[in-house]
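Chemist: If you scroll down you'll find the structure; I have some questions about it.
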Amino acid sequence: MNLRTPRYRPSLGAFLSILGVVCTVPHLASAELANVGLCNIATDAPPAVELALDRVLAHGIGAELDTVPERIAALLPNVGAAPGAVVSVHGPGWRYVKAAGRADPDTGAPVDCQQPFQIGSNTKMMTAVVMLQLQEQGRLAIDDPLSRHLPEIAARLPNGEAITLRHLAQHRSGVFSYTDNAPDGTPGLMEAGMTDRDALRRPLDPLAAMDFVIDHGKPLFAPGETGQWGYSNSGYFLLGLVIERIEGRAIDKSFEERIFTPLGMDRTYLWNAAPRKAFGLPRSWLKSPFDYETTDWNLSQGWAAGAVISTPGDMHRFIEALVAGKLFKSPQTLALMQQTVPTGRPTELGYGIGLKQLAPGLWGHGGQTLGYLSSIGAFSEADISYVAWASSSLNSFALGDMAILDALQTSGALPK
């Protein structure tokens, strides 16, 4: 998901008074980082790589910005912390897997390295994969008009007859995101959840979300208009509805049969309600100083755009298989997915079909819900993949991809 949250300045002292010190890592040179604490160590990465990634993890739970490379800090001058975080990197012949902080600050339970988390908009990669698999089967085409599959919605949606599935998948449809405040000023369907607990817990039906989009605002731009790009969760709700119409079943079943089961992702699922305690998710918050808890956010508000729950191990399996082309029958399908358009964002080179080019040879996405922030990516040639998440909606992992890339380059794991 892509949410707007107020800017703020983190307080490390206030954060640590809530968190407490989990443990220390003696080899860290900075006393500031050593006092943050890192735990659940399971790594055989080269020492320089380990130290660099330790710093990325420490930033996620509250280290000060003066330890962040200047070019990264300049892009995000007001970042916060999270109660807990995980960084997992698989390299050629080595692994770095560490967790820091608390899954429950009240009980003191630490974050576990393989604890499940809400992957947010990383779900979009999965929705796009299913759509492209359906294209390989001849059941749709990426340039089909929306009206071919959802004529009743396209007829009501402004510019609906001109919108294609490709426009939706690449955020070039001009349809505004239901998560944001509408062009006519009506509060977005997720904006209210940032201050209203009833709205936070409220279920959202995909068709109701589309009614909101149709009723409350004109398009941001014409579909496919040159030079225009606008991130829209609404587009992925529409793609989810297309998939369900073609498959004749709920989209979570399509994810399970087409992605999760073949890859052995046995701890991953799309959940369309408030999480159950038995799922083992850590408690989550909107932002520092952690005075607004979002643990019971209703994931139906994310659905095909952001409602999957997974683990670091499962997400490594997914992103590695995706970038290797193992989820498609033809290499041309992956090539199509990697055909990007410019977004104007300094943190990515372009957006493909549900997949970002984050840097040369680096592909992945990012995810944000009302309680989690995550970064997931893999290199086409370098045999390196990573998964990072933290349990607040706004923290330094908003630049997790850049921070991990910088750590790998400065430590010598990747060329600069």
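The values are calculated or read from the model by the stated rules, or taken from the named source; none is laboratory data. All values derive from a computational prediction rather than experimental measurement. Ideal geometry is used to build each Cβ from the backbone, glycine not excepted, and the neighbour counts take in all protein chains shown. These accessible areas exclude ligands, DNA and RNA; they are computed on the full protein's heavy atoms, side chains included. Shrake-Rupley method; radii C 1.70, N 1.55, O 1.52, S 1.80 Å.
Conditions (1) aliphatic (A, V, I, L, M); (2) assigned to a strand (DSSP E or B), marked per residue:
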| position | (1), (2) |
| --- | --- |
| PRO346 | no, no |
| ILE353 | yes, no |
| LEU358 | yes, yes |
| GLY366 | no, yes |
| SER375 | no, yes |
| ASP383 | no, no |
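Chemist: Find the helices (runs of 4 or more DSSP H) located wholly in region 108-217 whose residues include 1 or more that are open to solvent by 10 Å² or more (accessible area, probe 1.4 Å) and under 30 Å from ASP314 (Cα atoms), and list them.
Modeler: Details: elements: 123-136, 146-149, 151-154, 165-169, 197-201, 206-215.
In region 108-217, the matching helices (runs of 4 or more DSSP H) lie at 123-136, 165-169, 197-201, 206-215.
Chemist: What about GLY240, is it open to solvent by less than 10 Å² (accessible area, probe 1.4 Å) and under 18 Å from PRO145 (Cα atoms)?
Modeler: Answer is yes for this residue.
Chemist: With respect to THR369, determine if the residue is of a type in the set (Val, Ile, Thr), touching a Ser or Thr at 6+ places or on another chain (Cβ under 9 Å) and either more than 21 Å from GLY93 (Cα to Cα) or open to solvent by 10 Å² or more (accessible area, probe 1.4 Å) (or both).
Modeler: yes
Chemist: Here is a check on your reading of the model: is SER177 out of contact with any Cys (no Cβ under 8 Å at 6 or more places or on another chain), among the polar types (S, T, N, Q) and closer than 28 Å to PRO342 by Cα?
Modeler: yes
Chemist: Within region 304-313, can you find the residues that are crowded, with 23+ Cβ neighbours inside 10 Å and either farther than 22 Å from GLU244 by Cα or more than 13 Å from the chain's Cα centre (by Cα) (or both)? So that I can check it myself, show each step before the final result.
Modeler: The initial filter retains those residues of region 304-313 that are crowded, with 23+ Cβ neighbours inside 10 Å, namely 304-308, 310-312.
THR311, PRO312 - these are the residues of region 304-313 that are crowded, with 23+ Cβ neighbours inside 10 Å and either farther than 22 Å from GLU244 by Cα or more than 13 Å from the chain's Cα centre (by Cα) (or both).
Chemist: Still on this structure, I have one more. Please indicate, with yes or no, whether at least one residue in region 337-346 is surrounded by 24 or more Cβ atoms within 10 Å (Cβ to Cβ) and either touching a Phe, Trp or Tyr at 6+ places or on another chain (Cβ under 7 Å) or not acidic (Asp, Glu) (or both).
Modeler: yes
Chemist: Determine if region 407-415 includes at least one residue that is closer than 19 Å to LEU322 by Cα and buried (at least 21 other Cβ atoms within 10 Å of the Cβ).
Modeler: No: region 407-415 contains no residue that is closer than 19 Å to LEU322 by Cα and buried (at least 21 other Cβ atoms within 10 Å of the Cβ).
Chemist: Let me ask you something else. Just need a number here: residues in region 88-107 that are open to solvent by less than 10 Å² (accessible area, probe 1.4 Å), farther than 13 Å from SER391 by Cβ, of a type outside the set (D, E, K, R) and in contact (Cβ under 8 Å) with a residue 60 or more places away in the chain.
Modeler: The total comes to 2.
Chemist: A follow-up question, please. For region 346-362, check the following and say yes or no: at least one residue is within 12 Å of the chain's Cα centre (by Cα) and within 21 Å of ARG102 (Cα to Cα).
Modeler: Of all residues in region 346-362, those within 12 Å of the chain's Cα centre (by Cα) come to 354-356.
Those still in the list that are within 21 Å of ARG102 (Cα to Cα) too: none.
No, region 346-362 contains no residue that is within 12 Å of the chain's Cα centre (by Cα) and within 21 Å of ARG102 (Cα to Cα).
Chemist: Based on this model, can you work out whether ALA321 counts as at pLDDT 95 or above and closer than 19 Å to GLY188 by Cα?
Modeler: no
Chemist: Do we have ASP54 as open to solvent by 10 Å² or more (accessible area, probe 1.4 Å), among the acidic types (Asp, Glu) and modelled with pLDDT under 95 here? Write out each step before concluding.
Modeler: Details: open to solvent by 10 Å² or more (accessible area, probe 1.4 Å): no; among the acidic types (Asp, Glu): yes; modelled with pLDDT under 95: yes.
Taking the combined requirement at face value, the residue does not satisfy it.
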